1. For VAL309, all conditions in the list (1) surrounded by fewer than 16 Cβ atoms within 10 Å (Cβ to Cβ); (2) under 26 Å from LEU10 (Cα atoms) hold save one; what is the number of the exception?
2. Among VAL307, VAL252, VAL330, VAL326, which is of a type outside the set (Gly, Ala, Ser), touching a residue at least 12 places away in the same chain (Cβ under 8 Å) and within 16 Å of the ligand (Cβ to nearest atom)?
3. As an exercise: evaluate GLU9 against (1) surrounded by fewer than 24 Cβ atoms within 10 Å (Cβ to Cβ); (2) under 21 Å from ASP115 (Cβ atoms) and give the number of the one condition it does not meet.
4. With the checklist (1) closer than 24 Å to GLN268 by Cα; (2) under 16 Å from the mean Cα position of the chain (by Cα); (3) in contact (Cβ under 8 Å) with a residue 60 or more places away in the chain in hand, flag the one item LEU399 doesn't pass.
5. Only one residue in HIS373, HIS320 is out of contact with any Phe, Trp or Tyr (no Cβ under 8 Å at 6 or more places or on another chain) and not charged (D, E, K, R). Which one?
6. How about the range 134-238: which strands (runs of 3 or more DSSP E) wholly inside it have at least 3 residues that are surrounded by 23 or more Cβ atoms within 10 Å (Cβ to Cβ), at pLDDT 95 or above and not polar (S, T, N, Q)?
7. I need the helices (runs of 4 or more DSSP H) fully contained in the range 1-99, keeping only those with at least 1 residues that are more than 27 Å from SER226 (Cβ to Cβ) and away from the ligand (no atom under 16 Å from the Cβ).
8. Can you run down the residue pairs with Cβ atoms below 9 Å, 6 or more apart or on separate chains, where the first is in the range 93-117 and on the phi > 0 side of the Ramachandran plot and assigned by TED's automatic domain parsing to the domain that holds ALA214 and the partner is surrounded by 16 or more Cβ atoms within 10 Å (Cβ to Cβ) and part of a loop (DSSP other than H, G, I, E, B)?
Amino acid sequence: MKVLFVCAELYPFLKTGGLADVAAGLPPALKALGCDVRLLMPGFPALMKAARSTKPLAALPQKPLPWGPALQLPQASLVQAKLPGGLLTYLVQSSGLYSRPGNPYLGPNGQDWEDNAGRFAALGWAAASLGQGLDPDWVPDLIHVHDWHAGLAPAYVRAFADAGCTVPATVFTIHNLAYQGLFQSDVFPALGLPSSQFDVPGLEFFGQISFMKAALNFADRLTTVSPTYAREILSAPQGCGLDGVLRERSGVLSGILNGVDYQVWSPQADEFLSKTYDLDALQGKAIAKKKLQLDFGLVPLAKAMVVGVVSRLSTQKGLHLLPDVVDGLVQRGGQLALLGQGDAALEQTLVDAAVKYPGQVAVRIGYDEATAHRVMAGADVIAVPSAFEPCGLTQLYGLRYGTLPLVRRVGGLADTVVDCSLENLEEGLATGFVFDALSAADFLAALRRAFALYRRPAQWRQVQRRGMAQRFDWPTAAQHYLAIYQSLRPGV
Ligand code: ADP
């Protein structure tokens, strides 16, 4: 089966979050199951620079469409390329749309690029055009689109289908329902979609255009990245205003847990560590801890429980609770090593906490892959107190690195971490610490459980080893996606 995988991020070339890791991990696993997978992405500078053996294919069609007016987007064309270590990839090349440095979605002022509707409509349009034979040598049987960035692909595909054309099947994966691709309705005419789609059962959302809603209504199947999140988004507040649409489509919605790329995220093969380690040889972890403490300016005490955080700093991640638990953490002899960036006010609050407790609380504002790996390896606990979390990858990395996850019971965190309650410890199930309410009190209660276990090294080791032995792998996730593909295209 020919599968076109449409997304806006790809590790290691361009990453703002977990989507990039998924785009790197899932397609090769699908390929291993026999799918002929190719990627389609915007031609962002980082990707164009990495691209090898590029082959120009065709201009994106702008001519009048079977259902009405033409698209009015800057000129764009499709090139075929190989990315190092990656699969064959189509890139939408357009200096008018993508030749800008930095973050794929935000300008240097931290605000969305003003023309994001056009920039990402072009991605969806390229996908649908490939479905209509833009590359005559390779026409996808199925288009798998990811997040709002690619959300118009199913809308264009539906428009072609309604016009009587043969079209590929479409699957849409929600990585985060909170980011919806909302735009003023005055951009609608430029998108070249049938006017009938600007409607409640289409992409209209309280007078605006929603790329996310377009995908939710027009894709054949919907998935999201954990079973619990798939349930949570069917009601407020996790439904983010789209729970009604999702309830209507719940019959075609499923939750498939993300996997981890253990080639990249494994302490036994981590290129960012000076000494690797594994289940049976944990000395490397002690070395990583000391290095982390020194690097972050923490007092290098082996017995201090180090809590790590690697995260975007947004309200989603629940890190506004941290300043209120830091006192309790430090009083108990713990340390905090945080790497993150995002919300400016939150950044400042966290920096203030570090100033208050020099040597015990260290906050590094920034985005850095190597440091992320070093925090993951060097910390004793990785904290993910999210308000909501579609899947979450950092807790999965924590498990593999013997860094016990401390998480809120929500979304994929609830699906992947088992609390160190007495009964779970006794029955050999515990892998971390889980709390319920989005409150500093509950967060601190979980931290106190972590301290209590930390004082029992033999039990701590047991929990650590259990987590390290677990696998959340892409081959398993890929099997579930393949089953969905096959249900849509039986026999292909
Ligand atoms: P989300 O996609 O919501 O940000 P995930 O847990 O799914 O959350 O994925 C986060 C990914 O981004 C992980 O690979 C994590 O290591 C990485 N990450 C987050 N913040 C940073 C940072 N400041 N520096 C480096 N990597 C980061």
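1. (1)
2. VAL307
3. Against the list (1) surrounded by fewer than 24 Cβ atoms within 10 Å (Cβ to Cβ); (2) under 21 Å from ASP115 (Cβ atoms), GLU9 comes up short only on (1).
4. (2)
5. Just a single option satisfies the conditions, and that option is HIS320.
6. So the answer is 142-146, 169-174.
7. 45-50, 95-98
8. From the range 93-117, no pairs qualify.
The values are calculated or read from the model by the stated rules, or taken from the named source; none is laboratory data. Note that the structure is predicted; figures quoted are calculated from it, not measured. Here Cβ is always computed from backbone atoms with ideal geometry, including for glycine, and neighbour counts include all displayed protein chains.
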